[in-house]
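Let me begin by presenting the structure, written as structure tokens, before commenting on it.
The values are calculated or read from the model by the stated rules, or taken from the named source; none is laboratory data. Here the structure is a predicted model, which means the values were calculated and not measured. Don't worry about glycine lacking a Cβ; one is built from the backbone with ideal geometry, like all the others, and counts go over all protein chains shown. Side chains included, ligands, DNA and RNA excluded: accessible areas come from the protein's heavy atoms. Shrake-Rupley method; radii C 1.70, N 1.55, O 1.52, S 1.80 Å.
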Amino acid sequence: MIVLDKEHKLFTLHTQNTTYQMKADAYGVLLHTYYGPRVRGGDLSCLLQYTDRSFSPNPNAAGTCRTYSLDVLPREYAASGGGDFRIPSLEVEGPDGSHTASLRFAEAQVRPGKYALEGLPAFFGAEAEADTLVITLEDAALQLQVELFYGVFEAHDLITRAVRVVNRGEGTVRLRQAASLCLDLPGGDWDLITFDGRHVMERCPSRAPLRPGVQSVGSVRGTSSHQHNPFAILCGREAGEEHGLCYGAMLLYSGNFQAAAERSQFESSRLVLGIHPYHFCWTLDPGASFTTPEAALVCSNQGFGAMSRRFHRAIRSNLLRDPYGDRRKPVLVNSWEATYFDFDADKLVELAAASAPLGVELFVLDDGWFGARDSDSSGLGDWTVNERKLPGGLEALVARIQALGMSFGLWVEPEMVNEDSELYRAHPDWALSVPGRGPSRGRAQLVLDFSRKEVRDHIYAALKRVLSSAEVSYVKWDMNRSLTDVWSAALASERQGEVYHRYVLGVYEMLERLRQDFPNLLIEGCSGGGGRFDGGMLYYTPQIWCSDNTDAVDRLRIQYGTSFGYPPCTMGAHVSATPNEQTGRTASLETRGAVAMSGTFGYEMDFGKSSPEERETIRKQVEFFKKHHHLLQTGDYYRLTSPFQEGPYTAWAHVSPDGREALVNLVTGSTHAALPFTSLRLQGLDPNLDYRVNGGKLWPGDVLLTAGYPIPLFLGDYQTFQLYLEAVDASSPAF
Ligand code: DGJ
């Protein structure tokens, strides 16, 4: 609900459990008065204090008043140059070379339904689900208009934000920074949690107290990156999984980003999230506008678990455009770890034939099917089927796969080109490179300049031809290097600071075209695993290959970290061969299965090499997944223990929204002799109901929530234990 008090210029956003408030003060400055657990409302500017602070300047409009300074007030969207020395959200270079903007309130409007952003990913919401508030600020001297968009999803406790900057003046201005979100909070005693890592070990949470000054993470790799994720949490020192105040902030963007938090001199804190200012400079000619990517906020005073579940629900229902909706997706087998580049049609059909009797439904042909792609040094850019490997093209192969009762999926990497390709020989200037310098290579490939329409059109036409040549129901869109040598032959020198962002817009445009032309196609995002796992990609690709690391024990950490912002149904996860190719670790099929089931679930191995016993286990595993997919894909997710903390096991649960059904998963760590007795305390159940556990005994919900379920002692490392709980209606004596 949005409460617009025009008279007092007071704007209050209520969600079910939170309240967010802004007020334009006597000088027209938009102040941020409150964001936190829901309160009744009223004018919360009573919380603000004014005092004379040395070295904190007073704006010209304040005259001789020395107690009014932008340097100390909580602000909604802070432009640089006006005497606020904290990290800015907006930095504008005027036609005269100045870097000052004074944004003052102009008007506010409420609209039913959620705003959309042209060409950019954004949460969507019908009138019954969301409302929009648009607050317009203006800088009179520059004649610059800044529109702040707020989307309020009351039931999800989610507030989205985006900003549009319009040049209404007669001169050209340049945006040096345009963040999507600025959040000023009282107090400095917060912890900052970011999700960091590297290729094959993405999104590991890192928590540290906010120090005085600015702390930031970000990416300047052109993608959101394996190294840091555009999702961060500010939380109270005491906040944990089930208690405490926390604020999650997510940027729906797949390129360079920065998440910066500052603890100020007077113990207030500011979080700024948006496109990274590195090599960003957007020219706005008179009349032109720039729209930032969207950011989304969730506040919870019941810890990280409740925060994550709010994000998960909102993402599932109002961000993902999944052709399957809540229907079960086919269980897939991917050819990559089974064959790498070494295959022909017969080998692929053999793989599929070994999969079909196990209940696997979708065969995905990964890299190596096109051009002269016999290794990762050649062929990228030439999107025509290699008929030496696949005689008769995709049509012939797909017919053979379909004859086995399976559907077919295909891997592509449209943004890239190998120098050893027909495409590069014909259009060397289509790859990003700086004149006079040889471009850096990554995995022996260069990056196509997707900021250019003719490049996108060429690649899109080739992809469309291939995807139309046979029935393809799934595409894995991969991207395997960071951007370097970012310079576009299509843009003037003063516009080169636009290339990174135009590249991302180009990727989004391509994906949107694909969605429009093939509305039933399931697209999985991928960037060497989880190098572009973000809310932006999720708008186009409702699932993303979570990591190239398929080791089940490492995946516990990767999927745990990912789950803080993103729901399990978005995490591409497969069972692969053991010992694992990335770690050399051996883990049982049961463990690999339980971990992969908490993602999109599939396989990435040659079943022909499995023993009859293993094949039987896999068949049962697939059956189990199909039976419980509704819980796994649409249930609420509870992190019961952390794989990052010393402890005998990692546990998590998927619980139906009504609390009547749950699937609890547990994986033990490396073992020791004479283990102590432990019980696992569950979450999300109804204390007043009794639950039948694994079809056996009845357990009272309140006991499972308080005392927990006693965990049997296991021999061996990395063992798995799954509990299926179902509430029974008639209350009969438990135990
Ligand atoms: C990187 C991906 O993450 C892998 O799963 C696989 O598709 C390879 N690329 C293929 O080159």
- Task: Taking TRP383 as meeting all but one of (1) at pLDDT 95 or above; (2) surrounded by 23 or more Cβ atoms within 10 Å (Cβ to Cβ); (3) within 13 Å of the ligand (Cβ to nearest atom), write down the number of the exception.
- Result: (3)
- Message: With the structure loaded, tell me whether ASP606 is charged (D, E, K, R), surrounded by fewer than 24 Cβ atoms within 10 Å (Cβ to Cβ) and within 28 Å of ARG310 (Cα to Cα) or whether it fails that test.
- Response: no
- Have a look at TYR278, TYR253 and point out the one that is open to solvent by less than 10 Å² (accessible area, probe 1.4 Å) and at pLDDT 95 or above. TYR253
- If you go through the stretch 605-617 one residue at a time, do you hit one that is among the polar types (S, T, N, Q), in contact with a helix residue (DSSP H, G or I) (Cβ under 6 Å, 6 or more places away or on another chain) and closer than 28 Å to VAL655 by Cβ? yes
- Note on the structure: Picked from the stretch 46-91 (must be assigned to a helix (DSSP H, G or I) and without any contact (Cβ under 8 Å) to a residue 12 or more places away in the chain), the residue farthest from ARG104 (Cα to Cα) is CYS46
- Going by the structure shown, is ASP517 acidic (Asp, Glu) and surrounded by fewer than 24 Cβ atoms within 10 Å (Cβ to Cβ)? yes
- Note on the structure: Note on the stretch 473-489: residues touching a helix residue (DSSP H, G or I) at 6+ places or on another chain (Cβ under 8 Å) and more than 16 Å from the ligand (Cβ to nearest atom) are LEU483, VAL486, TRP487, SER488, ALA489
- Task: Would you check which residues across the stretch 198-207 are at negative phi and assigned to a strand (DSSP E or B) and list them?
- Result: ARG198, MET201, GLU202, CYS204, PRO205, SER206, ARG207
- Being among the hydrophobic types (A, V, I, L, M, F, W, C) and either closer than 14 Å to ALA490 by Cβ or assigned to a helix (DSSP H, G or I) (or both) is the filter here, so list the residues in the stretch 408-433 that pass it. LEU423, ALA426, TRP430, ALA431, LEU432
- Going by the structure shown, is ASN334 at pLDDT 95 or above, within 15 Å of the ligand (Cβ to nearest atom) and open to solvent by 10 Å² or more (accessible area, probe 1.4 Å)? no
- Taking the options ALA462, ALA444, name whichever one is modelled with pLDDT of 95 or more and either away from the ligand (no atom under 16 Å from the Cβ) or among the hydroxyl-bearing types (Ser, Thr, Tyr) (or both). ALA462
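Here is a yes/no grid of residues against (1) farther than 30 Å from GLY565 by Cα; (2) open to solvent by 10 Å² or more (accessible area, probe 1.4 Å); (3) under 16 Å from the mean Cα position of the chain (by Cα):
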{"site": "ARG456", "(1), (2), (3)": "yes, yes, no"}
{"site": "ALA470", "(1), (2), (3)": "yes, yes, no"}
{"site": "ALA492", "(1), (2), (3)": "yes, yes, no"}
{"site": "VAL504", "(1), (2), (3)": "no, no, yes"}
{"site": "LEU522", "(1), (2), (3)": "no, no, no"}
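Condition check ((1) over 21 Å from PHE311 (Cα atoms); (2) open to solvent by 10 Å² or more (accessible area, probe 1.4 Å); (3) out of contact with any Phe, Trp or Tyr (no Cβ under 9 Å at 6 or more places or on another chain)) across all residues:
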| residue | (1), (2), (3) |
| --- | --- |
| ILE544 | no, no, no |
| ASP551 | yes, no, yes |
| LEU556 | no, yes, no |
| TYR560 | no, yes, no |
| GLY565 | no, no, no |
| PRO568 | no, no, no |
| GLY572 | no, no, no |
| THR578 | yes, yes, yes |
- Message: One residue is enough: does the stretch 33-45 have a residue meeting the conditions among the charged types (D, E, K, R), more than 20 Å from ALA296 (Cα to Cα) and touching a residue at least 40 places away in the same chain (Cβ under 8 Å)?
- Response: no
- Task: Filter the strands (runs of 3 or more DSSP E) completely within the stretch 110-190 down to those with at least 3 residues that are among the acidic types (Asp, Glu) and over 20 Å from the mean Cα position of the chain (by Cα).
- Result: 131-139
- Output the residue which, of all residues in the stretch 27-59 that are out of contact with any Leu (no Cβ under 6 Å at 6 or more places or on another chain) and of a type in the set (Val, Ile, Thr), is most open to solvent (accessible area, probe 1.4 Å). THR51
- Return the residue satisfying two criteria in turn: it lies in the stretch 309-331 and is open to solvent by less than 10 Å² (accessible area, probe 1.4 Å) and either at positive phi or in a loop (DSSP other than H, G, I, E, B) (or both), and of such residues it is farthest from the ligand (Cβ to nearest atom). LEU319
- Query: Among the listed residues GLY303, GLY368, GLY393, which satisfies the condition of being open to solvent by less than 20 Å² (accessible area, probe 1.4 Å) and in contact with a Phe, Trp or Tyr (Cβ under 8 Å, 6 or more places away or on another chain)?
  - Reply: GLY368
- Message: For the stretch 344-394, give me the residue count where each residue is among the β-branched types (Val, Ile, Thr) and farther than 30 Å from ARG615 by Cβ.
- Response: 2
- Task: Scan the stretch 348-371 for residues that are on the phi < 0 side of the Ramachandran plot and away from the ligand (no atom under 16 Å from the Cβ) and jot them down.
- Result: VAL349, GLU350, ALA352, ALA353, ALA354, SER355, ALA356, PRO357, LEU358, VAL360, GLU361
- Going through (1) surrounded by fewer than 17 Cβ atoms within 10 Å (Cβ to Cβ); (2) touching a residue at least 40 places away in the same chain (Cβ under 8 Å) one by one, LEU284 fails only at (1)
- Item | Tally, over the stretch 511-528, of residues that are touching a helix residue (DSSP H, G or I) at 6+ places or on another chain (Cβ under 9 Å) and within 16 Å of the ligand (Cβ to nearest atom) | 3
- Return the residue satisfying two criteria in turn: it lies in the stretch 208-244 and is polar (S, T, N, Q) and outside any loop (DSSP other than H, G, I, E, B), and of such residues it is farthest from LEU505 (Cα to Cα). GLN215
- In the stretch 525-543, the residues that are touching a Gly at 6+ places or on another chain (Cβ under 6 Å) and farther than 16 Å from HIS226 by Cβ: THR541, GLN543
- Item | Checking SER451 against (1) within 16 Å of the ligand (Cβ to nearest atom); (2) part of a loop (DSSP other than H, G, I, E, B), the condition it does not meet | (1)
- Among the residues of the stretch 610-636, the number that are open to solvent by 20 Å² or more (accessible area, probe 1.4 Å) and at pLDDT 95 or above is 15
- Query: If we keep just the residues of the stretch 394-440 that are within 25 Å of LEU365 (Cβ to Cβ) and hydroxyl-bearing (Ser, Thr, Tyr), which is nearest to the ligand (Cβ to nearest atom)?
  - Reply: SER421
- Evaluation of ARG681 against (1) in contact with a strand residue (DSSP E or B) (Cβ under 7 Å, 6 or more places away or on another chain); (2) open to solvent by 60 Å² or more (accessible area, probe 1.4 Å) (one fails), failing number: (1)
